[in-house]
1. Take the conditions within 13 Å of the chain's Cα centre (by Cα) and either assigned to a loop (DSSP other than H, G, I, E, B) or of a type outside the set (Gly, Ala, Ser) (or both) and apply them to ILE27. Does it pass?
2. Just to be sure before I move on: is LYS11 assigned to a loop (DSSP other than H, G, I, E, B), free of Cβ contacts under 8 Å to residues at least 24 places away in the same chain and surrounded by fewer than 13 Cβ atoms within 10 Å (Cβ to Cβ) in the structure I sent?
3. Please work out which residue is surrounded by the most Cβ atoms within 10 Å (Cβ to Cβ), limiting yourself to the range 71-108 and to residues that are touching a helix residue (DSSP H, G or I) at 6+ places or on another chain (Cβ under 8 Å) and assigned to a helix (DSSP H, G or I).
4. Just a yes or no: is a residue in the range 63-70 buried (at least 16 other Cβ atoms within 10 Å of the Cβ) and assigned to a loop (DSSP other than H, G, I, E, B)?
5. Could you list, in sequence order, the residues of the range 67-108 that are more than 16 Å from ILE39 (Cβ to Cβ) and either free of Cβ contacts under 8 Å to residues at least 12 places away in the same chain or of a type outside the set (D, E, K, R) (or both)?
6. Considering only residues of the range 8-37 that are β-branched (Val, Ile, Thr) and out of contact with any strand residue (DSSP E or B) (no Cβ under 9 Å at 6 or more places or on another chain), which is modelled with the highest pLDDT?
7. Pick out the one residue from GLY42, GLY17 that is of a type in the set (Gly, Ala, Ser), over 14 Å from the mean Cα position of the chain (by Cα), at positive phi and part of a loop (DSSP other than H, G, I, E, B).
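The values are calculated or read from the model by the stated rules, or taken from the named source; none is laboratory data. Predicted model, so just to flag it, every value in this text is computed and none were measured. Cβ: placed from backbone, ideal geometry, glycine included. Neighbour counts: every protein chain shown.
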Amino acid sequence: MNREQKRKFVKKAKSKGIPEEYIEAYIVMLEAGTTIPVIPEGAKVRLDVEKIKAGKNYVRMNPEYKEFVESSEGMVFTSHVEEGCFVSLKENPKWLFWSGDLSRVEDV
């Protein structure tokens, strides 16, 4: 990822409300070659609510986001790939998720 791509990525991630720590961590992971789960466009997914809630920044996140996460346990959504491993949900595109916070649903 070159400097221009980083700037574009950071700007888009910030506009979606992703905390700076997450953005920086993602960039570090990319540069280190860490494997990131891939969620394809249109895949059926569920939020990994427990994993999201266990995040160290969860308590400081937007109350509307937390309400959405907590009320979505067990629900199936359709993925829309935004940038790299960041995915929004077609049924509710307001929020952006890291693909590691989603689990694919094979049979719906």
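1. So ILE27 fails the test.
2. Details: assigned to a loop (DSSP other than H, G, I, E, B): no; free of Cβ contacts under 8 Å to residues at least 24 places away in the same chain: yes; surrounded by fewer than 13 Cβ atoms within 10 Å (Cβ to Cβ): yes.
Spelling it out, it is not the case that LYS11 is assigned to a loop (DSSP other than H, G, I, E, B), free of Cβ contacts under 8 Å to residues at least 24 places away in the same chain and surrounded by fewer than 13 Cβ atoms within 10 Å (Cβ to Cβ).
3. Among them, the one singled out is ASP101.
4. There is no residue in the range 63-70 that is buried (at least 16 other Cβ atoms within 10 Å of the Cβ) and assigned to a loop (DSSP other than H, G, I, E, B).
5. Here is the first cut: in the range 67-108, the ones more than 16 Å from ILE39 (Cβ to Cβ) are 67-71, 73-74, 94, 107.
Listed by number, the residues that qualify are GLU67, PHE68, VAL69, SER71, GLY74, ASP107.
6. So in the range 8-37, the residues β-branched (Val, Ile, Thr) come out as 10, 18, 23, 27-28, 34-36.
Now drop any that are not out of contact with any strand residue (DSSP E or B) (no Cβ under 9 Å at 6 or more places or on another chain), which leaves 10, 23, 27-28, 34-35.
On the way: VAL10: 88, ILE23: 83, ILE27: 80, VAL28: 77, THR34: 62, THR35: 65.
My answer is VAL10.
7. On the way: GLY17 fails: over 14 Å from the mean Cα position of the chain (by Cα).
Among GLY42, GLY17, only GLY42 is of a type in the set (Gly, Ala, Ser), over 14 Å from the mean Cα position of the chain (by Cα), at positive phi and part of a loop (DSSP other than H, G, I, E, B).
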